[in-house]
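S.K.: Pasting a structure below so you can have a look.
Read-outs throughout are calculated quantities, based only on the coordinates presented, and are distinct from any laboratory measurement. Worth saying up front: this structure is predicted, and the values here are computed from it rather than measured. Cβ atoms come from the backbone with ideal geometry, glycine included; neighbour counts cover every protein chain shown.
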Amino acid sequence: MAEDNVGRIVNGQVVRPKQQLAMVFDLNKCLGCQTCTIACKTLWTREEGMEHMWWATVNTMPGRGTPKDWEAMGGGFQNGAPRAGRLPTSEEFGEAWEFNYDEVFYGGKGEGAALRPQGKPPTWGPNWDEDQGSGDYPNSYYFYLPRICNHCTHPACLEACPRRAIYKRAEDGIVLIDETRCKGYRFCMEACPYKKIYFNHVRTIGQKCIFCFPRVEKGVAPACARQCPGRLRFVGYLDDEKGPIHKLVKQWKVALPLHAERGTEPNVYYVPPLSPARVDADGNVDESKPRIPIEYLRSLLGTEVDGALEMLKAEMAKAKRGEKSELLDTLIVYRWPNQIFPDFTKDPATLEWSRSDTTRKA
Ligand code: SF4
Ligand code: SF4
């Protein structure tokens, strides 16, 4: 357990870490390929009791997400006071499914058998409404929303834990659960407005994204970011004025937090999706009407999304005129990994890892 009060309110102010690690996700580049979710799953949540856990998820938006309808489950803060939240059920997260592997691979049925979940038919899963989106043809639309724990500046999970098992590291702002102190009360799961904590029913503890801290401590980017083929997950210190995170969030203001109104000051930021123009029944393009309704984007990213989209379009126009755009050059990431996570460029394959590096839990 941390001895300091980082992440807590003291004398009316949130105690901030010395530096804050953050991520920026450029939603214009996400392919929905789920490489990030699998990279995280295979690295961190393979043990007993973790089968249903997906610390990193990618959902189609508009959509109900994971856990199902998490945006309507409350949590976080309102006017500085905790806002009631509810505990998602295991059905809303989606259970880990068992498949009929024996029948398909060893049953001798050839093409007469196909892989199917066994037991009670599933009603939801981490990527259940994939690619459904919204709108009517020819103006239907969707985009992908990758999510992890936001390692919030004022984490509702941390404030809600009566055991002080959740703490925020002073050196980099990563939010961790001390598994030796956690008793599985799950107040954190109720309080988190992003519903990014899972319950391990075998060990009766809460578990969540750890920002790959054993990798970060060795100069290696988190697995979700390093494996991402879309190269859209920027990693760095929010306070580093020369780094891409600071520039995208603070200087150009094109990266915005998700549901900032929930009051936890999340440290994952999103470059909003641009969208094609609407088309009428005769096939005429109306450039003044984006296919993704701006009201929908405002509901996710706040009214600042208008300015972010304007900035992106202005920079694209500049580039079309043949002028240089540092913003677009940053988002394109010509040189990987230096331009996307400049402080975490080490190749994990070149380092010595001990079992304690990869199994060490907070
Ligand atoms: Fe806590 Fe939720 Fe914020 Fe993560 S996203 S730090 S679990 S409140
Ligand atoms: Fe999107 Fe990258 Fe994740 Fe693929 S790996 S779903 S491109 S964030």
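S.K.: With unit charges on the beta carbons (Lys and Arg positive, Asp and Glu negative) and the dipole taken about the Cα centre of region 9-359, which residue among Gly85, Asn11, Gln339 sits farthest to the positive side?
M.R.: Farthest towards the positive pole: Asn11.
S.K.: If you don't mind, another one. Loop only per DSSP, at most 15 neighbouring Cβ atoms within 10 Å: give me the trypsin sites (Lys or Arg not before Pro) in region 91-166, ordered by residue number.
M.R.: Within region 91-166, the qualifying trypsin sites (Lys or Arg not before Pro) (loop, at most 15 other Cβ atoms within 10 Å) are Lys109, Arg163, Arg164.
S.K.: Tell me the mean residue ellipticity at 222 nm calculated for the chain from its helices only (DSSP H runs of n ≥ 4, each -39500 (n - 2.57), averaged over every residue, nearest 500).
M.R.: -5000 deg cm²/dmol
S.K.: Also, I was wondering about something else. Which entries of Lys247/Lys318; Lys68/Lys195; Lys18/Lys208 show an alpha-carbon separation above 20 angstrom in the structure shown?
M.R.: Flagged as over cut-off: Lys18/Lys208.
S.K.: Enter the Cα centre distance for the pair region 35-108 and region 274-340, rounded to the nearest angstrom.
M.R.: Using only Cα atoms, the two centres lie 30 Å from each other.
S.K.: Further question on the same structure: From Cα coordinates alone, what are the radius of gyration and Dmax values for the chain in angstrom?
M.R.: Over the chain's Cα set, Rg and Dmax evaluate to 21.3, 70 Å.
S.K.: Residue by residue, what Karplus-based ³J(HN,Hα) values in Hz, rounded to whole numbers, does region 81-91 have, using 6.51, -1.76 and 1.60 with θ = phi - 60° and x for Gly and Pro?
M.R.: 9, x, 9, 4, x, 10, 7, x, 7, 5, 5
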